[in-house]
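One structure is given below, encoded as structure tokens.
What follows is calculated from the coordinates using simple rules that are stated; it is not laboratory data. The model shown is predicted, which means the values in this text are computed figures rather than measured ones. Every residue, glycine as well, gets a Cβ built from its backbone with ideal geometry; the counts of neighbours run over all protein chains shown.
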Amino acid sequence: MNPLLIKPPVMDWLTGAFAHTSALKKSTTAADLANVFSDEHARQRLDPNLIIYSVEMLDSSRDDGALFTGVTHLNPGKVGDEFFMTRGHYHARREQGEVYFGLRGSGLLLLQDEDGNARLETVMPGSIHIISGYTAHRLINTGNDILSALAVWPAVAGHNYAALQHGFALSVKERDRQVQVVSND
Ligand code: PAN
Ligand code: ZN
């Protein structure tokens, strides 16, 4: 075989599962998400080991200019009446952007600028989400199946969770069996 013909990593686009490659996996449990949901008592009633989401990342270069590739699998469920969601973050290097691609399930991408203006994009298989710099982002699973989204972002971006410790301007809840967007001010 030609040594210059390299077999790239492969992902199943229907599930977001990586195949034939070494991926790094990090799971986030109910215990990890203290004070993230509006109803902290409801969160405490969940099994602390319950996995809310997991991220699988390709083991790739971390050099300046390199890009990271990862898939988030966000389980369906609620904490009280609020849908399961990722913690959400700005990038540590705030000017750095990211692209998300919806793979399976249905949900929302919550985006918030530094002035606190929030907006939501619908996430579905095939959706493309251009996240500009200076924009905090969080995935929310409003469906009954796993929500999986592929993300590509600069290796130098890093994560800043502390800047959002008081939460986002919007929450997404189920009320009367409907998805409802609630303002937190
Ligand atoms: C994603 C997120 C992933 C988990 O890979 O890190 O969805 O969300 P939290 O990091 O907010 O827990 C990404 O946006 N990377 O930059
Ligand atoms: Zn990010």
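Here are the numbers:
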item	result
From His137, His91, residue being free of Cβ contacts under 8 Å to residues at least 60 places away in the same chain and out of contact with any Lys or Arg (no Cβ under 9 Å at 6 or more places or on another chain)	His137
Residues that are within 14 Å of the chain's Cα centre (by Cα) and either within 19 Å of His166 (Cβ to Cβ) or within 11 Å of ligand 1 (Cβ to nearest atom) (or both), drawn from the stretch 124-138	His129, Ile131, Thr135, Ala136, His137, Arg138
Single residue of the stretch 73-112 satisfying the filter (surrounded by fewer than 22 Cβ atoms within 10 Å (Cβ to Cβ) and on the phi > 0 side of the Ramachandran plot) that is nearest to ligand 1 (Cβ to nearest atom)	Gly88
Count of the stretch 113-139 residues which are buried (at least 22 other Cβ atoms within 10 Å of the Cβ) and farther than 24 Å from Ala17 by Cα	1
All positions within the stretch 148-181 that are away from ligand 1 (no atom under 13 Å from the Cβ) and free of Cβ contacts under 8 Å to residues at least 24 places away in the same chain	His166, Asp176, Arg177, Gln178, Gln180
Any chance Asp145 is surrounded by fewer than 13 Cβ atoms within 10 Å (Cβ to Cβ), more than 22 Å from Ile51 (Cβ to Cβ) and more than 15 Å from ligand 1 (Cβ to nearest atom)	no
Selection from the stretch 86-109 of residues that are in a strand (DSSP E or B) and either within 12 Å of ligand 2 (Cβ to nearest atom) or over 22 Å from Ser148 (Cβ atoms) (or both)	His89, Tyr90, Glu98, Val99, Tyr100, Leu109
All strands (runs of 3 or more DSSP E) inside the stretch 1-55 with 1 or more residues being touching a residue at least 40 places away in the same chain (Cβ under 8 Å) and of a type in the set (S, T, N, Q)	23-29
